[in-house]
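What follows is calculated from the coordinates using simple rules that are stated; it is not laboratory data. Everything quoted here is computed from the prediction, not taken from an experiment. Please note: Cβ atoms are built from the backbone with ideal geometry, for glycine as well, and neighbour counts cover all protein chains shown.
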Amino acid sequence: MSDELKLWELAAELRRSLGILHKQDIQTAANRLGAHVRSTHQKPILLGDDCAAIPDGDGYLLLAAEGMWPTLVETDPWFAGWCAVMVNVSDIYAMGGRPIAVVDTIWSQSPESVDLLWQGMVAASQAFNVPIVGGHTSCHSPYAALSVAILGRASRLITSFSAQPGDVLLHVVDMQGQMHPKYPFWNAATECERDRLRVNLELLPQLAEAGLCDTGKDISMGGIVGTTLMLLETSGCGAVLDVGAIAPPAQVELLPWLLSFPSYGYLLSVRPDAVGQIQPQFHNRGLVCNPVGKITQGQTLTLKLGDASLYFWDFAIESLTGFGAGV
């Protein structure tokens, strides 16, 4: 199969993927809230990032929340509980911060049915050393549901709003894991040593505080392509993304890898002269940190594979989350 045909087929599958399409649900919030709100000190809080960065003293409070996929809550409650804490922790580190605490909201049909959710949340809380300090519990609901919110703090931010034409896109991921048997989730966390989990996450705020990286995102359920789109939308830029450079683990095909949600995965947009300083910090930890594209002028994401290229998304025609660039 030629690169051109393979790329066309990949793009068609990516356009149909629920992980990307469901990001358009965020437009319901963007339509009501706009691009920013004002803090109590009248400083702007930009909307559309992994966390809300709220100016506070000489730094920022970081506030975020995640609702878990109902199917995962029903079919794999322990893992859903673990992920509810993990994804929030990842969002805080993705912004260059460190977590302080989480709260949870649980609905279940009985006290017994909530036990595995709690086991998963407590296990993740201990693994990431982030306490669960409260929330809301109902065991008399007609359905099961789980959401978790998190508070963190950062002195210097990694945001989605600062990508610049000429930036190099770095794909950061921990390949020491395995795919979930049912869902597009690359699990490099539940069996990982706690010290390794924490030290690897700590690399993100260290990069921010050293002034090496101010732009990036946690790779979410939209996979690396959906995450790239969100980064471009908030930064008001375009990009060329080389999907051929996003090498999957052994025994994983390229398409599911592009659509997967890794437990440790980030897309960083960095100035070219910082790449040589950033990569060794991840490589020394046994982590992948590879260039996979460049930020460009304009509003278009172009996918590249070998000698083939294809326009994948044009924000002049179609928005994704609805949260655009600027105040």
Helix 115-128 axis, angle to the chain major axis (alpha carbon atoms, nearest 10°): 60 degrees
Low-density loop cleavage sites - GluC sites (Glu not before Pro) in the range 155-240, where at most 14 other Cβ are within 10 Å (DSSP): Glu191, Glu193
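Suppose every Lys and Arg Cβ carries +1 and every Asp and Glu Cβ carries -1, with no other charges. What dipole size does the range 61-154 come out with about its Cα centre, to the nearest 20 debye?
For the range 61-154, the charge dipole is close to 380 debye.
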Positive-end extreme of charge dipole, the chain - chosen from Val85, Gly97, Gln119 (charges on Cβ): Gly97
Amide N of the range 279-300 lying under 15 Å from the label point, which is placed 7 angstrom from the Cα of Leu254 along Cα→Cβ: 292-293
Mean Cα-pair separation over length for the chain, i.e. relative contact order, pairs under 8 Å, 6 or more apart, %: 24 percent
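What does the C-alpha gyration tensor say about the overall shape of the range 61-154? Classify as rounded when a/c is under 1.5, otherwise prolate if a/b is larger than b/c, or oblate.
Prolate is the answer for the range 61-154, as a/c is 1.5 or above and a/b outweighs b/c.
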Sequence of His140, His171, His22 once ranked by neighbouring C-beta atoms within 10 Å, starting from the fewest: His140, His22, His171
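Excluding Ile219 itself, what net charge comes from residues whose Cβ is under 12 Å from its Cβ, given Lys and Arg +1 and Asp and Glu -1? Mind showing how you got there, number by number?
Details: positive: Lys217; negative: Asp50, Asp91, Asp174, Asp218.
Charge balance near Ile219 sits at -3.
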Cα gyration tensor category, rounded, prolate or oblate, for the chain with a/c compared to 1.5: rounded
Segment Met175-Leu116, length gained on full extension (0.36 nm per residue, minus Cα span): 18.5 nm
Residues Ser155, Ser2, Ser269 arranged by fewest to most Cβ contacts within 10 Å: Ser2, Ser155, Ser269
GNM flexibility winner over the chain from Ala245, Ala189, Ala163 (Cα, springs under 10 Å): Ala245
Relative contact order [Cα under 8 Å, 6+ residues apart], the range 101-175, whole percent: 45 percent
Exposure proxy ranking, count of Cβ atoms within 10 Å, fewest first, for Leu116, Leu7, Leu62: Leu116, Leu7, Leu62
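Specify whether the C-alpha gyration tensor of the range 55-95 places it in the rounded, prolate or oblate class, a ≥ b ≥ c being the square roots of the eigenvalues: rounded for a/c under 1.5, otherwise prolate if a/b is larger than b/c and oblate if not.
Prolate, because a/c is 1.5 or more and a/b exceeds b/c.
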Extension gain (nm, one decimal) between Ser2 and Glu209, 0.36 nm per residue minus Cα-Cα: 70.1 nm
About the Cα centre, charge dipole magnitude for the chain (Lys/Arg +1, Asp/Glu -1 at Cβ), debye: 480 debye
Helix 77-94 axis, angle to the chain major axis (alpha carbon atoms, nearest 10°): 50 degrees
